[in-house]
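Working notes for the structure below.
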Amino acid sequence: MLNKSGPRVANQKLENMAVSIIRDRIANLTISDILKNRSKLRDGVKNEMQKLITGWGIWLETCEVVDVKISSHSLFTNLQTEFREKSRQDAEKIKGEIENTIAQEDLVRRTEYEKIRQETATKEKIFANEQKIAISKQEAEMYAEQLNIEKRRKEAVNN
């Protein structure tokens, strides 16, 4: 007869077995492999446990590595250094690309502004010169008219 604590004890023994197998596997892996390939570690533990419990009348549904903790603060900090440095470099690269894009857009705007300013200055000079020409033509016509008047006056005095 199975007592009420039987399943709990069986689960505890399977859990202890999994912890032992995980410790054995961890001893043969790098920290990077442990952190990055938890599924590989989990699958290896499940397969090994399945071999051990074959014939017990138990089917192992799953075995999960829920958390990986690094107890040494300095080791944890050192492991994060590469990640932090890569993140910093990526951020600097993105910042540089954004600054470059902004500078290029600013250059395009300034170039367009300068082009419009020069076109406007050229149009103003053309207009001013056209006005000067018109004034000069009017002055020349007035001078010619004054000469005609003067000539007619002299002819009228001589006749």
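The values are calculated or read from the model by the stated rules, or taken from the named source; none is laboratory data. In this text the structure is predicted, and so the values were computed from the model without any measurement. As a convention, Cβ positions derive from the backbone with ideal geometry for all residues, glycine included, and neighbour counts pool all protein chains shown.
Just one of (1) surrounded by 10 or more Cβ atoms within 10 Å (Cβ to Cβ); (2) farther than 30 Å from residue 15 by Cβ; (3) not hydroxyl-bearing (Ser, Thr, Tyr) fails for residue 76. It is (2).
Taking the conditions (1) within 27 Å of the chain's Cα centre (by Cα); (2) surrounded by 10 or more Cβ atoms within 10 Å (Cβ to Cβ) in turn, residue 83 satisfies each one other than (2).
Are any residues in the stretch 29-65 surrounded by 12 or more Cβ atoms within 10 Å (Cβ to Cβ), polar (S, T, N, Q) and within 30 Å of residue 81 (Cα to Cα), and if so, which ones? Of everything in the stretch 29-65, just one residue is surrounded by 12 or more Cβ atoms within 10 Å (Cβ to Cβ), polar (S, T, N, Q) and within 30 Å of residue 81 (Cα to Cα), namely 37. Within the stretch 114-124, is even one residue of a type in the set (Ser, Thr, Tyr) and modelled with pLDDT of 95 or more? Scanning the stretch 114-124, I find at least one residue that is of a type in the set (Ser, Thr, Tyr) and modelled with pLDDT of 95 or more, so the answer is yes. Of a type in the set (Ser, Thr, Tyr), loosely packed, with under 11 Cβ neighbours inside 10 Å and free of Cβ contacts under 8 Å to residues at least 12 places away in the same chain, is that true of residue 71? So residue 71 passes the test.
Being of a type in the set (Gly, Ala, Ser), at pLDDT 95 or above and within 30 Å of residue 33 (Cα to Cα) is the requirement here; does residue 91 meet it? Taking the combined requirement at face value, the residue satisfies it. Scanning the stretch 70-107 for residues that are of a type in the set (A, V, I, L, M) and either on the phi > 0 side of the Ramachandran plot or in a helix (DSSP H, G or I) (or both) turns up 75, 79, 91, 94, 98, 102, 103, 107. Being closer than 30 Å to residue 35 by Cα and free of Cβ contacts under 8 Å to residues at least 24 places away in the same chain holds for only one residue in 82, 155, and it is 82. Is it the case that some residue within the stretch 108-124 is out of contact with any Asp or Glu (no Cβ under 6 Å at 6 or more places or on another chain), in a helix (DSSP H, G or I) and exposed (fewer than 10 other Cβ atoms within 10 Å of the Cβ)? No, there is no match, as no residue in the stretch 108-124 is out of contact with any Asp or Glu (no Cβ under 6 Å at 6 or more places or on another chain), in a helix (DSSP H, G or I) and exposed (fewer than 10 other Cβ atoms within 10 Å of the Cβ).
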